[in-house]
1. How many of the residues making up the range B:57-103 are acidic (D, E) and modelled with pLDDT under 95?
2. Of the residues that sit in the range A:89-106 and are among the aliphatic types (A, V, I, L, M) and in contact with a Phe, Trp or Tyr (Cβ under 7 Å, 6 or more places away or on another chain), which one is surrounded by the fewest Cβ atoms within 10 Å (Cβ to Cβ)?
3. Which residue out of B:V115, B:V66 is out of contact with any Lys or Arg (no Cβ under 9 Å at 6 or more places or on another chain) and buried (at least 19 other Cβ atoms within 10 Å of the Cβ)?
4. Within 14 Å of chain A (Cβ to nearest Cβ), among the polar types (S, T, N, Q) and either closer than 15 Å to A:Y95 by Cβ or in contact (Cβ under 8 Å) with a residue 12 or more places away in the chain (or both): does that describe B:S94?
5. So B:G40 passes all but one of these: (1) loosely packed, with under 15 Cβ neighbours inside 10 Å; (2) more than 24 Å from A:V90 (Cα to Cα). Which condition number does it fail?
6. Would the range B:14-22 turn up any residue that is within 14 Å of the chain's Cα centre (by Cα) and within 26 Å of A:G102 (Cα to Cα)?
7. Quick check, is B:I12 within 19 Å of A:R41 (Cβ to Cβ), more than 10 Å from every other protein chain (Cβ to nearest Cβ), of a type in the set (A, V, I, L, M) and buried (at least 21 other Cβ atoms within 10 Å of the Cβ)?
Amino acid sequence: RKEVEQDPGPFNVPEGATVAFNCTYSNSASQSFFWYRQDCRKEPKLLMSVYSSGNEDGRFTAQLNRASQYISLLIRDSKLSDSATYLCVVNAGTYKYIFGTGTRLKVLA
Amino acid sequence: EAQVTQNPRYLITVTGKKLTVTCSQNMNHEYMSWYRQDPGLGLRQIYYSMNVEVTDKGDVPEGYKVSRKEKRNFPLILESPSPNQTSLYFCASSFWGGGTESYEQYFGPGTRLTVT
């Protein structure tokens, strides 16, 4: 089993739709969680850190479920500019970050 | 402007010809790391550094070397490149408080390496 798993997609959604991605992790000792956005072969950029209580930033909401060992990302009112690959990143309190392979989102006009 | 820079951005080389990819950050970050990204495999950590003169292997260190002689620089060295090292490479840096909490990583623009 991979340490961090994501559905590769692509998720094709119309503009204005709500879309959700999940990411599962295998190490129960994981302590820090992040969602990054990556545009076609460019550098990943932080979208959100994920906190235990869940957090929201505009149209984006991140949740952490420690019992089931997954994090989620919800995007409301999707925009064309949201089309990208979303990377889940987990850190177990060590110096190593584990990346998921990413979920591709395409927002269609 | 806070940033991570990498050079070169693109490199085509031949098997066995030593090369160095430079990485520099201006944010005074303790932690720096190198990743390679391959289709279907995502980003995999090659080496990381917790501070000057402190480095350790990531998940795919074979065929690579690093050094951290200054806080701002973390070069990646391929002593004898092979075609299976053809990949997209990213350098990243972040603050590190020394505890168990980890922080946002800032990535360089990437280096696309082709080894023939």
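The values are calculated or read from the model by the stated rules, or taken from the named source; none is laboratory data. Just so it is clear, the structure is predicted and the values come from calculations on it, not from any experiment. Note that we place each Cβ from the backbone using ideal geometry, even for glycine, and neighbour counts take in every protein chain shown.
1. 2
2. Step one: filter the range A:89-106 for residues among the aliphatic types (A, V, I, L, M), giving A:89-90, A:92, A:98, A:105.
After this cut, where a residue has to be in contact with a Phe, Trp or Tyr (Cβ under 7 Å, 6 or more places away or on another chain) as well, the list is A:89-90, A:105.
Values: A:V89: 26, A:V90: 25, A:L105: 21.
Restricting to residues being among the aliphatic types (A, V, I, L, M) and in contact with a Phe, Trp or Tyr (Cβ under 7 Å, 6 or more places away or on another chain), the top hit is A:L105.
3. B:V66
4. Considered against the rule, which asks whether it is within 14 Å of chain A (Cβ to nearest Cβ), among the polar types (S, T, N, Q) and either closer than 15 Å to A:Y95 by Cβ or in contact (Cβ under 8 Å) with a residue 12 or more places away in the chain (or both), B:S94 comes out as yes.
5. Of (1) loosely packed, with under 15 Cβ neighbours inside 10 Å; (2) more than 24 Å from A:V90 (Cα to Cα), only one is false for B:G40: (2).
6. Yes - at least one qualifying residue is present in the range B:14-22.
7. no
Okay, residues lined up against (1) within 25 Å of A:V50 (Cβ to Cβ); (2) at the interface with chain A (Cβ under 8 Å from one of its Cβ atoms); (3) without any contact (Cβ under 8 Å) to a residue 60 or more places away in the chain:
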site	(1), (2), (3)
B:E30	yes, no, no
B:S33	yes, yes, no
B:V54	no, no, yes
B:S67	no, no, yes
B:F74	no, no, yes
B:S80	no, no, no
